[in-house]
Structures are given as C-alpha cells and as structure tokens.
Amino acid sequence: MTPAILVHGGVGPHPSEARRRQGMARATEAGYALLAAGKPALDAVEMAVAILEDDPTFNAGCGSVLTEAGTVETDAALMEGHTLRAGAVGSVTGIQNPIRLARALLEDGRHVFLVGSGAETFAKSRGLTQIDPASLVTAAQKKDWLDHRGTVGAVACDAFGHLAAATSTGGLRGKHPGRIGDSPVIGAGTYADRRVAVSCTGDGESIMRTVLAHRVAVSYGIHLDPLQAAADAVDFFGLEVPGIAGLIVIDLCGRMGFASSPGTTMLSGRGDATGIHVGY
Ligand code: ASP
C-alpha cells in the first residue's frame, strides 16, 4: 500500500498568500515523511496539524482567532479508522498544541471528549506544554478585523491501509466564550473508519447540524468514490443549511477527494509517491 496524506488550511475567501502555502508545504512534507518511514496514519495527521498549529497564519493553536471577549479558546480532535479510537478537546486555553492533547486523550482511552478546565487539568497530568493564554493572543490577531478563517485538518492512509483524521481550530472569530464548533465533534468535523477519513472546515453550527464528516462516509459507502462522496456532502450542505463548508477525504486505497462550497477557496497540501503538491 502506498501511503498518502491530504492536509487543509480552512475554507473561506482567503487570499493566496505565500506564507500560508509555505506552512502548508512544511506540514504536508512532515506528515508524509512519517508515512514513508512506515509510521501510522495517526502519527502523520497529528504531526501535520501540530505544525500548522505552530504557524500563526492559520486559525489553530498560536494563530487562533479571538472570542468576543478577546480570548483564545481552541478545539481539536483526531480519530483512527481501524480502531475507531478518538480523542477530542473543546474550549481549551493555554495549550500550545491542542491536537497533542487530543492524542493524549485518545491514547488514555477512558474518555473521548474533554472540555475547558477539565481538559487543561488532564493536559497538566500528561506533562503537555502549557503556556500563558495571553501569549496566544498575538499582535496580528488584535489588528485583524477581517473575517479570518483557516482551521486546519489532515487525513492520511498509511502503509498498512489504516486511516486517520485530525482537525484543529480557534473556531469562529468573535464567537461567544464557551462555544464549541464542529471540529472536535466526532462525525461532524472529524471522522475516520476502516474505509474513509474526513476533516471538515467552515460554519461549525451548520456542519454539526448536517453531521457532515459522517455524511461523507455514508455517501462513500454507496459510490465507493472519495471525490463523489465529498461533492455529495457539500451539495447536501448547500441545499439544507446556511453558510459555507469545505472538506477533505481519503479512502483505504489512498485515493483522495475534496470539495468546498461554491465561490470559496480551500488551501490544501497533498503528499504521496508523486511528491508534495500545494494548491487551492
Ligand atoms: N469549523 C470551524 C468552527 O466552526 C471554523 C472553520 O473551519 O473555519 O469552529
């Protein structure tokens, strides 16, 4: 089985910025290098997402958008397809890499989803890097009055044909404190099983109401085509709910698909035997 990874940098009306493309290339390359070395898909998606969390040009980790209270609250999740193991965290503050916290929760196995101070206490008990929440409020964000989207996510198929999906976000700019979006909700923003792995981006409230990532899995079960499954899910979304959505999908053969609402763009990075390709 030839491994492959697909990474996204959020859906939206984003300008094509060289910095964002470079960050995407770095993340895709690092994730693919792990797959090429025989590592599990779960390691690859965690690595790709953690690199984008450390890049302030994306809305995750240190680049997260602010709540209406001027604070940063992040959401993240990852899921492994063949075991259906999952870890998700919501509304966490002061965690440098929320995706690593979600991974620690997945490995722990007791719970799937922790939020707020409980998640932070768990992070402490696992020795994860905690930082002053104020340091996540970067100068760039304070100046950013534009609609800013750039949630990050990754899906991968490893050399054993095992799949994994990961998503991390600061959520929607100006959100109410305590709001949790689709990204950490298993089946909505993030989902993986034995046949497909999916990561979504866009208007979280609408993505949750359409259970979008799982919808892709259901459509894949009918068509056995990742591109068709992605397109079907985004079409359904456009017909049924307001807002925009984008998603990436990979199947157990390493075939990839993606789709986003009409008039939107979604930066993505693809890593497979043909090399690393970044584009919209
Ligand atoms: N889906 C994310 C949320 O609603 C935001 C995004 O993808 O841009 O939290």
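Here Phe58 meets each of (1) outside any helix (DSSP H, G or I); (2) away from the ligand (no atom under 16 Å from the Cβ); (3) of a type in the set (A, V, I, L, M, F, W, C); (4) buried (at least 17 other Cβ atoms within 10 Å of the Cβ) with one exception, condition (2).
Consider region 169-202 and keep the residues that are closer than 16 Å to Ala86 by Cβ and hydroxyl-bearing (Ser, Thr, Tyr). The one that is nearest to the ligand (Cβ to nearest atom) is Ser183.
In this structure, is Ala69 surrounded by 24 or more Cβ atoms within 10 Å (Cβ to Cβ) and within 28 Å of Gly178 (Cβ to Cβ)? No; evaluated as a whole, the condition is false for this residue. Within region 15-28, the set of residues being of a type outside the set (S, T, N, Q), buried (at least 18 other Cβ atoms within 10 Å of the Cβ) and touching a strand residue (DSSP E or B) at 6+ places or on another chain (Cβ under 7 Å) comprises Arg20, Met24, Ala27. Only one of the listed residues (Ala77, Ala123, Ala69, Ala104) is out of contact with any Asp or Glu (no Cβ under 9 Å at 6 or more places or on another chain), on the phi < 0 side of the Ramachandran plot, part of a loop (DSSP other than H, G, I, E, B) and of a type in the set (Gly, Ala, Ser). That residue is Ala69.
Being among the aliphatic types (A, V, I, L, M), part of a helix (DSSP H, G or I) and surrounded by 20 or more Cβ atoms within 10 Å (Cβ to Cβ) is true of Ala233.
Here is a list: Ala213, Ala245, Ala166. Which entry is within 24 Å of Gln22 (Cβ to Cβ) and either more than 16 Å from the ligand (Cβ to nearest atom) or touching a strand residue (DSSP E or B) at 6+ places or on another chain (Cβ under 8 Å) (or both)? Just a single option satisfies the conditions, and that option is Ala166.
Readers should treat all values here as calculations from the given coordinates under stated rules, not as data from a laboratory. Since the model is a prediction, treat every value here as computed from it, not as a measurement. In this analysis, Cβ positions are derived from the backbone assuming ideal geometry, glycine residues included, and neighbour counts consider all displayed protein chains.
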